[in-house]
Amino acid sequence: MTHPTSDDKHHTTIFIGDVHGQASTLLALLEQLGWKQRNQRLTGPSDSQLVFVGDLIDRGLENRRTVDIVRELVEQGSARCVLGNHEFNAVQFHTPDPESPGEHLRPNNKDNVRQHRAFLEDYANDTNTMREVLDWFRTLPVAIETSHWRCVHACWDEPNLEQLETRGDTWYLPANRWTAAARKGAPEYQAIEILAKGPEWELPDGVNFSDKEGKVRTTARLQWWRPNPGTFREALLFPSPPTGINLDDPYKHPHHPGYDPAAPPVFFGHYWKRGELKSERPNAACIDYSAGKGDRLVAYCYRGESQLQAKNFVAQPVIASKRA
């Protein structure tokens, strides 16, 4: 593992959830947080830094504007951003498969085109800029760890972090290993599946549920942040009621990841929360509140506390987006 660096110069680190192409909402949230447009540049409190948890794109209609805002903030040193599964998927969607002429690392099939349509349409007449944006996505770290906090898109898992390349306080997928990340069974593939897409658990025979797109699923996402879940209700996430299972039955998984209660606070997105603004554990907070589905874009203002506090969440209801 890498040695975490200090971030003491930033008294407040503001973690921002999955934006999903909602640029107008992002600007409104930043204004709430004290960020203003001055001399054609977004500036905020001098002692603050923004950290985006990934999934900047897809779903909303302002993909290009969202990327431009976040990229500018990163390049001026005001923000950091980790790789979300949607950025990873976009790169793979557009990368030819060197072993299968005419194919891509992410198949360009109907379902993948549909998921990716908003991004594609925003860059439909400017493929050169889109290639530049995809190249920028390739530079985003998969995870960050400072002396006070951690950030990853979907799951903090040290064995899978060890499969990546470290640079200071960050973990990256090196340029020469993106193809391997598309190959089932490769360490890089497993690392991205866990870190950027989250661990899942195969349900018992006859158990299923419908996901947010209405597709019937037989695997469920794990509440990996819980160190010792005792029941299915405590261990698994279901966006709709499952059939064929009693959620209060005992859950037994010898390799449940868990997150150490003594570890630094970890911030992540990915899980499409709704309802009350609160952390999952005293040291683990999901800040994805379904902006991509028209709910809220949420931030957490972290000031070094070891026990995360509900009062530090800030929410901005989604403003209906429209393509420029």
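The values are calculated or read from the model by the stated rules, or taken from the named source; none is laboratory data. Note that the structure is predicted; figures quoted are calculated from it, not measured. Every residue, glycine among them, receives a Cβ derived from its backbone with ideal geometry; neighbour counts consider all protein chains shown.
Determine, yes or no, whether ARG114 is of a type in the set (Lys, Arg) and surrounded by fewer than 16 Cβ atoms within 10 Å (Cβ to Cβ).
Yes: the conditions hold for ARG114.
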Quiz item: Which residue pairs have Cβ atoms under 8 Å apart, sit 6 or more places apart or on different chains, and have a first residue in the range 206-234 that is closer than 30 Å to ASN283 by Cα and surrounded by fewer than 21 Cβ atoms within 10 Å (Cβ to Cβ) and a second that is of a type in the set (Ser, Thr, Tyr) and modelled with pLDDT of 90 or more?
Solution: ARG226/TYR259; PRO227/TYR259; PRO229/TYR251; GLY230/TYR251; THR231/TYR251; GLU234/TYR251
Quiz item: Within the bounds of the range 198-211, is there any residue that is assigned to a loop (DSSP other than H, G, I, E, B) and modelled with pLDDT of 95 or more?
Solution: yes
Practice problem: Please work out which one of (1) surrounded by 22 or more Cβ atoms within 10 Å (Cβ to Cβ); (2) modelled with pLDDT under 95 is the condition THR5 fails and give its number. | Solution: (1)
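Which one is nearest to the chain's Cα centre (by Cα), of the residues in the range 212-223 that are assigned to a loop (DSSP other than H, G, I, E, B) and of a type in the set (S, T, N, Q)?
From the range 212-223, those assigned to a loop (DSSP other than H, G, I, E, B) are 212-215, 218, 223; that's our starting set.
With the extra rule that they be of a type in the set (S, T, N, Q), the set shrinks to 218, 223.
Values: THR218: 23, GLN223: 15 Å.
Result: GLN223.
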Exercise. Return the pairs, sorted by first residue and then second, in which the second residue is assigned to a helix (DSSP H, G or I) and hydroxyl-bearing (Ser, Thr, Tyr), the first residue lies in the range 171-194 and is within 28 Å of THR146 (Cβ to Cβ), the beta carbons are less than 6 Å apart, and the residues are 6+ apart or on different chains.
Key: ALA181/TYR189
Practice problem: Determine which single condition VAL266 fails, assuming it passes every other condition in (1) among the aliphatic types (A, V, I, L, M); (2) farther than 16 Å from ARG150 by Cα; (3) assigned by TED's automatic domain parsing to the domain that holds ARG59. | Solution: (2)
Quiz item: Is there any pair linking a residue in the range 283-303 that is not assigned by TED's automatic domain parsing to the domain that holds GLU213 and modelled with pLDDT of 95 or more to one that is charged (D, E, K, R) and assigned to a strand (DSSP E or B), with Cβ under 7 Å and at least six apart or on different chains, and which?
Solution: TYR289/ARG296
Quiz item: Can LEU61 be described as surrounded by fewer than 23 Cβ atoms within 10 Å (Cβ to Cβ), within 13 Å of ALA291 (Cα to Cα) and either assigned by TED's automatic domain parsing to the domain that holds LYS293 or in contact with a Pro (Cβ under 7 Å, 6 or more places away or on another chain) (or both)?
Solution: yes
Quiz item: Can you name the condition, by its number, that ARG274 falls short on among (1) loosely packed, with under 13 Cβ neighbours inside 10 Å; (2) touching a strand residue (DSSP E or B) at 6+ places or on another chain (Cβ under 9 Å); (3) not assigned by TED's automatic domain parsing to the domain that holds GLY304?
Solution: (3)
Exercise. Look at GLN163 and say whether it is of a type outside the set (Phe, Trp, Tyr) and assigned to a helix (DSSP H, G or I).
Key: no
Quiz item: Restricting attention to the range 257-271, does a residue exist that is closer than 22 Å to PHE52 by Cβ, at pLDDT 95 or above, assigned to a strand (DSSP E or B) and aromatic (Phe, Trp, Tyr)?
Solution: yes
Quiz item: So is ASN89 of a type outside the set (Gly, Ala, Ser) and under 19 Å from the mean Cα position of the chain (by Cα) or not?
Solution: yes
Quiz item: Looking only at residues in the range 182-202 that are within 17 Å of the chain's Cα centre (by Cα) and under 17 Å from ASP97 (Cβ atoms), which one is surrounded by the fewest Cβ atoms within 10 Å (Cβ to Cβ)?
Solution: TYR189
Exercise. Report yes if some residue within the range 242-259 is in contact with a strand residue (DSSP E or B) (Cβ under 6 Å, 6 or more places away or on another chain), surrounded by 14 or more Cβ atoms within 10 Å (Cβ to Cβ), touching a residue at least 60 places away in the same chain (Cβ under 8 Å) and under 28 Å from LEU29 (Cα atoms); otherwise report no.
Key: no
Self-check item: Among (1) surrounded by fewer than 16 Cβ atoms within 10 Å (Cβ to Cβ); (2) free of Cβ contacts under 8 Å to residues at least 40 places away in the same chain; (3) under 19 Å from ARG183 (Cα atoms); (4) not hydroxyl-bearing (Ser, Thr, Tyr), the one test that GLU75 misses
Solution: (3)
